[in-house]
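One structure is given below, encoded as C-alpha cells.
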Amino acid sequence: MAFWIASSPHNHNQQSTSSLMRLVIFAAIPGIIAQWYFFGWGNLIHIGIAMITAMLCEFIVLSLREKRITEQLFDGSALLTAMLIGICLPAFAPWWITVIGTIFAIAIAKHLYGGLGHNPFNPAMTGYVMLLISFPLQMTTWQPPISLMEIELSFSNTLTTIFTGFTIDGYSVEQLRTSIDGVTMATPLDTLKTSITMGLTVSETTQSSVFGEHFAVGWEWVNLAFLLGGIFLISKKAIAWQTPVSFLLSLFLCSLIGYTIVPDSSASTMFHWFSGATMLGAFFILTDPVTGATSAKGRLIVGLLAGLLVYLIRVFGGYPDGVAFAVLLCNMSAPLIDQYTRPRTYGHSKDLS
Amino acid sequence: MESIINRINQQKFWSFHGGVHPPEQKTLTNQKPIKPLSLPEQLIIPLQQHIGRQGDLLVQVGDHVLKGQPLTKSTNPMAVPVHAPTSGTITAIKHSVIAHPSGLSELCIFLNVDHQDTWVERTPCNDVATLTNQEIVKKIADAGISGMGGAGFPTHIKVDTKPDINFLIINAAECEPYITADDLLMCEHSESIVDGIKILNKLLNPAFILIGIEDNKPKAIEALKKATAGIEKIHVCVVPTEYPAGGEKQLIQILTGKEIKSGTLPIKEGIIMQNVATCYAISEAILHDTPLIQRVVTVTGQALEKPQNVWALLGTPVHYLLSQCGFDNQGMEKTPVIMGGPMMGFSLPTDTVPVIKTTNCILAPSYKEMPSAFEGNSAEVECIRCGQCADVCPTNLLPQELQWSAKAKDYPQLNKLNLSDCIDCGACAYVCPSHIPLVQYYRIAKAEIRQQQQQELKAEKAKARFEARKQRLEKEKRARELKHKKAAEARKAAMNKATPEATEAKSAVAAALARVKAKKAANQKSPSSSAISAPVETTENQDNKKAQVAAAIARAKAKKQAKPAPEIDAKENAKVEPSNTDSKKAKIAAAVAKAKAKKSQEKAPIQGQEQNQEQTDSLSLADKKANAIAKAKAKALAKKQASSNNDSSTASDLTIASTAESEPAIDEKDAKKAAVIAKAKAKALAKKNKESNTDNKVSEKNTVNVEPRKVQNTSETSTINDTNNISDKDAKKAAIIAKAKAKALAKKKLATQSVSEEKTMHEQEKGAK
Ligand code: SF4
Ligand code: SF4
C-alpha cells in the first residue's frame, strides 16, 4: 500500500490567503455602497476599470515571471489593490488615470519588488500617490455629493464623463462640480484647508454646504460604513486590531491637542475621523499585512505613527488628505519597527537564571 | 510555591502565548472502551524505541521466547531493554523500517507468534513499602519503561534524580486532536495510574503532585478525582483545552507560571513531568512485574469504519491495527496514514511499521476531513506577513521570519531568532493562510544546522589531531636529532678507547712517539749535557728519560774510565795494576748504574701500576655508580610510564630512542656503560619532555652537556691508562737496555779496546731499538 508522505501538521484551519483577501473585499462593500449612494456611480465605474486592468496586468506579469498563474491570479490581492484604487480616485477622473494608476500599482509597486509578500509599499497607495503627483489636475476633480449637485447624474452620464470628459448632454466636469449656488466644490478637507489659509475660522468655514449637518456631507456615512466593515474584519480576525485602534486613537489625540490649543483654526476630532479616507486607511490600507509591521507592538507603533503623520499632513502639509503619504511613510519604517519589536522568546527571559 | 497552590486550589491557571484550537475529533473514539486485540501472526520489535541507546541482544534467530522475556539487556544507563510481547519463535533479526519521521531502518526482532501467550515467571509485589528506592528504580529500568508521551526518555533516569523536587507534574493533558488513549486509560485504569503516582511519590518525594488535564475529558477527570480523593498532595488541575497545552514547557507554564530557561531541563526548577501512561506502566511493572509490552493506541480517522482505542502489543504492525478497525482507503491512490496526532505526528512510509513504546495514535483521515494531509505542500503560496503564525506560536517566535531565514539558509540569523526553541508543535503552519509548511522548513534547517555543528566539531577535532601530529612529529624530530647526537658521541667515545683497533692505533701512535723520543735521546748523546737537556715533557716520559739518562751517565763514565786506562797501562803497567782499580771503579759504576736502572725500572712500573689501579678503581666505582643510577632511573621511568601510559607517541619515541641507542653495538664495557647512561638520560629526557613540555631546550642541553662530559671522562681516563701502559713498557725497555749496556760495558772493559767498545755499544743500542 502506498502512503502519502507529508510533513506535520497534517491538519489546517482551512484558511487561505485568497479567502482572506476576499473577506477584505467583501468588508469594503458597505463603504462602496455608501459611496455610491452619496456620490453616484463614478467610483464604482473606476473600481470596475481598475479591476479589469489589474487582472490583465497581473496575468501578463505572472506569465512573464513564469509563476503558477491559476493560484496567484485569483489570490485576490490584485483585486483588492484595484478596489482600493477605485475607491480613492475622484469620481470624475478620466479612465486613463485609473488604468495608469493600476498598472503602476500592480506591475511596479508589487511585482517589480518580487510580488505578493515582498512589496515594501502598499501597491494601491503607491499608485495613488504617483497619480497625485503626476496628474494633480485630474486628481482633484472631486465630485460634490449628489444632493448638492445641480445637474442630475445618471450612470450613463458618469460613464461618458469618465471616458470623454463630458456628460451625454455635453456638460463638462467643471460644470458638474459647480454647486447650486455657483461655487466649484471641493472635498470638505480641501475646503477647510483653503479657507483656513484664507484666514477664516473653522466655524466660519463649516457654514459651507459641503460640511452639512455633521462633519461632511456623504463622507461621514462613507467613513461609518468602512468602520463597520473594519469592525467586521477584526471580529473575523482577518486583520489585526492593533493598527486601526492605535491609528484612530493617535489621530484623535492629535486633533484634540490641536483643537484645545487653537480652536479657531482646528477642525474637531470627529471631523478628522469621519472625513477623507480616515476609516478606509485605518481598516483597509494600514492593515495590509504585507507592508505593515508583524508584531503586535510593532503594529501599535505603526498605527500611532500613521495617525500623527495624517494629522500633520492634513494640518501643515500641502495636500488636503494625508492618508496615502502617511501609509507609505509607515511602510518604510515598518521593517525597522519590526526589528525593534521582536517578542521575547519563551525561555529567554533575562531574570531566568 | 504556596501562592501557586492557592491559585491551583481556586482552579486559576496561567496561560501560555498563542495556541490554536483545531477540531478535536475526540468523539470518534472516546465513547468506546479500549479493545483488546487478538494476537497478530508476527510482531516486529525494534531494539531501540526511545531516545538513547539500544540494548545488547540476548536472543538469537530460532530461539523460542516467552511473554515478558527480555530480548535485550541494557549495559548503558541510557538504554532500556525490550521484552517479548507474547510467546513465540524468533524468525529473523534484521533491519526494517521503524516508526520515525524519516522512514529510518533499524535493527528489529521478528517474532512469530505461537498463540500460546505463555508468560515467563513473574514475582508480583504486594507491598511497595518493602522495596527500597534502588530496587524500584532497577525494576523500572528492567521493565523497559521510557516516556510514553513524547520522545521516550528512559524513565528510570528521570525518577532517579535526587534534588529537591517541588512539583511532580503528571501530564494528562493530551492536547493533540483525535487522540484519546490517555483519556480512556484514565477512565478505565485510574486506580493503577494512582498506584504508579504513589510509587513516583515514594521515589521523588515532591512537595506537590499536579495532574494537568484538559477540560475536554470530563469522565477521566471524574475518575482521577475519585481515585486521588484521599491524597492531599495530589491536585487534579483541569486546564482549558488549547493546543499545545500538553507540551512539557507549556503545561509547566499553565500550572506553575514558571518558564523553563531555554536549553535547560525542568528539573533545574525542581519540576519533573511524567505522562499518565508512564505512571500506569510503572505500577504494572512494580506491582505485577509486567514489563512494558503493550500500550493503548488510538486507531482513528474517518477513513476507518470502526475507529477505536486498542490494547496493542508493542511490535504490532500498523496494517494489522488498520485492518482490525476497518480501514478503507476510499479508492484513493495514496492515502496518508499518520502515526501520532494530526499536529505533530508523521506520515508512515509503509504499513509494516510496528507500534512502539511512544506510539499513541494511528490516524487515517479521509480526504474530506483533512484535505491538507493529502495535498502536501502543493497549496503553498507566498507569505503575506500576516503575522498569524507569530500570534499562535506557543514559544513566541516569529515563524515568518524564521521561514525566510530558513529558505535563505541564513543560519546565524536563525540562531538569533531562536529556532532551537521551536517545539515543532505545528501551530504556526496550522494557521498559515499561505499554507506554507513552516515546520518542515524548520526541521530541514535544524537538521542542517545540526550537521553543520557536527562538521564544525569534526573540523575542530581534525585540527586538534593535526596539532597533535605536528607536535608528535616535532618530538620525533627532536628525538631523532638527539639520537644522532648520541650516536655520534658514542662513536667518538668508541674511537677514543673502545674498539681493539682503536687501542692498537693508539698504542701504535704511542710507540711511534716513544721511538721518536728514544731516537732523539740517543742522538743527543753529547757526552755531558744529554741527560740534562733531554726535554722533560710528560710524566710518562720522565721515567723513560731517567732510565736513559742513567744509562747515558753510566755509559759516559764507563767511557771516561775506559779511555785513560790504556795510557796508564802504557805508562805504569809494571809498577801498579791500575786496571784493577779501574775495573773496580768501572764495576762500581756499573753496579751503581745497574742499581739506578733497576730502581728506575722498578719505579716506573710501580708508578704506572699504581696509577692504573687508582684509575681503574675510580673508574669502576664511577661506572658502578652510573650504572646504578641508570638502573634506578630506568626503573622510575618504567613506573611512571605504567602509571600514565597514555601517550603512545612518547612511548614509541622512547623505544625508537632506546633501539637507536643500542644500535652501535659496542663490545667495550665502557662504551656500553656510556651507552647505558646515555640511554637512561635519553629516557629521562623524553619523560621530562612529555611530562612538562615547558623548557625542552634547557633540559635537552643539560643532558647533552652532561653526557659528553661523562663520556669524555671515561675516554680520557682510558687514554691515560693506555699511555701509562705505554710509558711503563718504554721504561722497562729502557731499563733493560741500560742494564745490558752496563753489563756489556763492565765485561768488555777489561778485555776489549775502548773504540770497539763504543762500536758495540752503538750496535747494541741499535739492536735494542
Ligand atoms: S512549530 Fe515552532 S514556530 Fe511554529 S508555532 Fe510551534 S513552536 Fe512556534
Ligand atoms: S501565517 Fe503564513 S503567511 Fe502569515 S506571516 Fe506567518 S508564514 Fe506568513
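The values are calculated or read from the model by the stated rules, or taken from the named source; none is laboratory data. Since we're looking at a predicted model, the values are computed, not measured. No Cβ is skipped: glycine too gets one built from the backbone with ideal geometry, and neighbour counts run over all protein chains shown. Note: accessible area is taken over every heavy atom of the protein model, side chains too, but ligands, DNA and RNA are not part of it. Shrake-Rupley method; radii C 1.70, N 1.55, O 1.52, S 1.80 Å.
Structure notes:
- Some residue of the stretch B:387-402 being at positive phi, at pLDDT 85 or above and more than 9 Å from every other protein chain (Cβ to nearest Cβ): no
- In the set (1) within 14 Å of another protein chain (Cβ to nearest Cβ); (2) without any contact (Cβ under 8 Å) to a residue 24 or more places away in the chain; (3) aliphatic (A, V, I, L, M), the condition left unmet by A:LEU56 is number (1).
- Hey, A:LEU280 without any contact (Cβ under 8 Å) to a residue 60 or more places away in the chain and either surrounded by fewer than 19 Cβ atoms within 10 Å (Cβ to Cβ) or more than 14 Å from chain B (Cβ to nearest Cβ) (or both) or not: no
- Residue in the stretch B:292-300 that is over 30 Å from B:ILE90 (Cα atoms) and either buried (at least 23 other Cβ atoms within 10 Å of the Cβ) or away from ligand 2 (no atom under 16 Å from the Cβ) (or both) present: yes
Here's the yes/no breakdown for (1) under 27 Å from B:VAL20 (Cα atoms); (2) assigned by TED's automatic domain parsing to the domain that holds B:GLU176; (3) within 12 Å of ligand 2 (Cβ to nearest atom):
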| site | (1), (2), (3) |
| --- | --- |
| B:ALA408 | no, no, no |
| B:LEU414 | yes, no, no |
| B:CYS428 | yes, no, yes |
| B:VAL439 | yes, no, yes |
| B:ARG443 | yes, no, no |
| B:GLN455 | no, no, no |
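- Selected residue [touching a Cys at 6+ places or on another chain (Cβ under 7 Å) and in a helix (DSSP H, G or I)] from A:GLY307, A:GLY298, A:GLY258: A:GLY307
- Any hit, the stretch A:32-53, residues being at pLDDT below 95 and within 14 Å of chain B (Cβ to nearest Cβ): no
- Positions within the stretch B:408-434 being within 7 Å of another protein chain (Cβ to nearest Cβ), surrounded by 20 or more Cβ atoms within 10 Å (Cβ to Cβ) and touching a residue at least 60 places away in the same chain (Cβ under 8 Å), in sequence order: B:ASN418, B:GLY426, B:TYR430, B:VAL431
- Looking only at the stretch B:336-355, and only at residues there that are outside any loop (DSSP other than H, G, I, E, B) and more than 8 Å from chain A (Cβ to nearest Cβ), the one that is nearest to B:GLU106 (Cα to Cα): B:PRO354
- With respect to (1) in contact (Cβ under 8 Å) with a residue 60 or more places away in the chain; (2) over 13 Å from A:LEU189 (Cβ atoms); (3) over 14 Å from the mean Cα position of the chain (by Cα), the lone exception for A:ARG314 is condition (2).
- Single match in A:LEU73, A:LEU80 (criterion: in contact (Cβ under 8 Å) with a residue 12 or more places away in the chain and in contact with an Asp or Glu (Cβ under 7 Å, 6 or more places away or on another chain)): A:LEU73
- For B:GLY19: the one exception among (1) under 20 Å from B:VAL297 (Cα atoms); (2) touching an Asp or Glu at 6+ places or on another chain (Cβ under 7 Å); (3) not aliphatic (A, V, I, L, M): (1)
- Qualifying residue in the stretch B:161-170 (condition: within 26 Å of B:GLY426 (Cβ to Cβ) and either at pLDDT 90 or above or in a loop (DSSP other than H, G, I, E, B) (or both)): yes
- Scanning the stretch A:119-138 for residues that are surrounded by fewer than 21 Cβ atoms within 10 Å (Cβ to Cβ) and without any contact (Cβ under 8 Å) to a residue 60 or more places away in the chain gives A:MET130, A:ILE133, A:SER134, A:PHE135, A:PRO136, A:LEU137, A:GLN138.
- Within the stretch B:13-27, being open to solvent by 70 Å² or more (accessible area, probe 1.4 Å), more than 10 Å from every other protein chain (Cβ to nearest Cβ), of a type outside the set (Asp, Glu) and touching a residue at least 12 places away in the same chain (Cβ under 8 Å) holds for B:TRP14, B:SER15.
- Wholly enclosed helices (runs of 4 or more DSSP H) of the stretch B:373-453 bearing at least 1 residues within 11 Å of ligand 1 (Cβ to nearest atom) and more than 38 Å from the chain's Cα centre (by Cα): B:388-392, B:399-407, B:427-431
- Residue identified as within 30 Å of B:GLN308 (Cβ to Cβ) and open to solvent by 20 Å² or more (accessible area, probe 1.4 Å) among B:GLU214, B:GLU106, B:GLU121: B:GLU106
- From B:GLU284, B:GLU369, residue being surrounded by fewer than 22 Cβ atoms within 10 Å (Cβ to Cβ) and assigned by TED's automatic domain parsing to the domain that holds B:THR155: B:GLU284
- When A:LEU329, A:LEU286, A:LEU300, A:LEU305 are screened for being in contact (Cβ under 8 Å) with a residue 40 or more places away in the chain and more than 14 Å from chain B (Cβ to nearest Cβ), only A:LEU305 passes.
- The set of residues in the stretch A:178-237 that are touching a Leu at 6+ places or on another chain (Cβ under 8 Å), at pLDDT 80 or above and surrounded by fewer than 22 Cβ atoms within 10 Å (Cβ to Cβ) contains only A:LYS236.
- Candidates B:GLU467, B:GLU489, filtered to the one that is out of contact with any Cys (no Cβ under 9 Å at 6 or more places or on another chain), in a helix (DSSP H, G or I) and either touching a residue at least 60 places away in the same chain (Cβ under 8 Å) or within 16 Å of ligand 2 (Cβ to nearest atom) (or both): B:GLU489
- Odd one out for B:THR316 among (1) facing another protein chain (nearest Cβ under 10 Å); (2) in contact (Cβ under 8 Å) with a residue 60 or more places away in the chain: (1)
- Taken over the stretch B:381-400, the residue count meeting the criterion of being near ligand 2 (Cβ under 9 Å from one of its atoms) and farther than 20 Å from A:GLN14 by Cα is 1.
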